[in-house]
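Colleague: Submitted below is the structure of interest, expressed as structure tokens.
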Amino acid sequence: MKLSLLPITGLVLLAMAPLASAQSSGTSPMPCCAPPSAAAAQKADTAKSDAKTKVQKATVTIDHGYQPSQVVVKAGRPVELTLHRKEASGCGDVVQFPGLGIKKTLKPGETAVVKFTPKKSGSIAFTCGMSMYKGEITVR
């Protein structure tokens, strides 16, 4: 019995088409496998959006500074910023958003959620209680 490779070759080409398309557009088809860049470690991509509620969610880890120190969100949509204090000591016990009138106190290992809806584009600063740790939410 003789098998034809033509149908199998066609299937392989069809299966690889999305990969070639992703490579030509500059995006990785498997973002989990791409090594993180140093810039990506300090700057968050646009906050992830929950498709049902349109809530933009992002997490900032407090560990002798804010990681990431910048979060990008869209105006007019609710934001849920989760703050997780990893450090056992340091300035991370207080996180304040002066422009929003919000102040949270966190113990080591504790998590707090800040919820707000930015109305217009601009930036919203957040700092520790002594303004040594600095972060920014960029609203577009």
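The values are calculated or read from the model by the stated rules, or taken from the named source; none is laboratory data. Since the model is a prediction, treat every value here as computed from it, not as a measurement. Positions of Cβ are generated from backbone atoms using ideal geometry, with glycine treated the same way; all protein chains shown enter the neighbour counts. Quick note on the areas: whole protein, heavy atoms, side chains included, nothing else; ligands and nucleic acids left out. Shrake-Rupley method; radii C 1.70, N 1.55, O 1.52, S 1.80 Å.
Colleague: With contacts defined as alpha carbon pairs under 8 Å and 6 or more residues apart, what's the relative contact order of region 69-140 in percent?
Modeller: Relative contact order for region 69-140 comes out at 42 percent.
Colleague: Quick check for me: using +1 on Lys/Arg Cβ and -1 on Asp/Glu Cβ, what's the dipole size of region 66-134 about its Cα centre, in debye to the nearest 20?
Modeller: 300 debye
Colleague: Taking amide hydrogens as modeled 1.01 Å from N in the peptide plane, which residues meet the under 5 Å criterion relative to T59, leaving out close sequence neighbours?
Modeller: T82
Colleague: Quick check: residue separation of Q67 and V113 times 0.36 nm, minus the Cα distance between them. What number comes out in nm? Before the final figure, lay out each step's value.
Modeller: On the way: separation 46, 0.36 × 46 = 16.56 nm, distance 1.54 nm.
Going from the current span to full extension adds 15.0 nm.
Colleague: Ok, one more. Under the rule of at least 5 residues apart or a separate chain, name every residue whose amide H is placed under 5 Å from the amide H of L106.
Modeller: Correct list: V94, V95.
Colleague: Let me ask you something else. V113 accessible area, nearest 10 Å², 1.4 Å probe?
Modeller: 60 Å²
Colleague: Please identify which residues in region 65-91 have an amide N closer than 17 Å to a label point set 7 Å out from the Cα of L100, following the Cα→Cβ vector.
Modeller: Output list for this probe position: 66-85.
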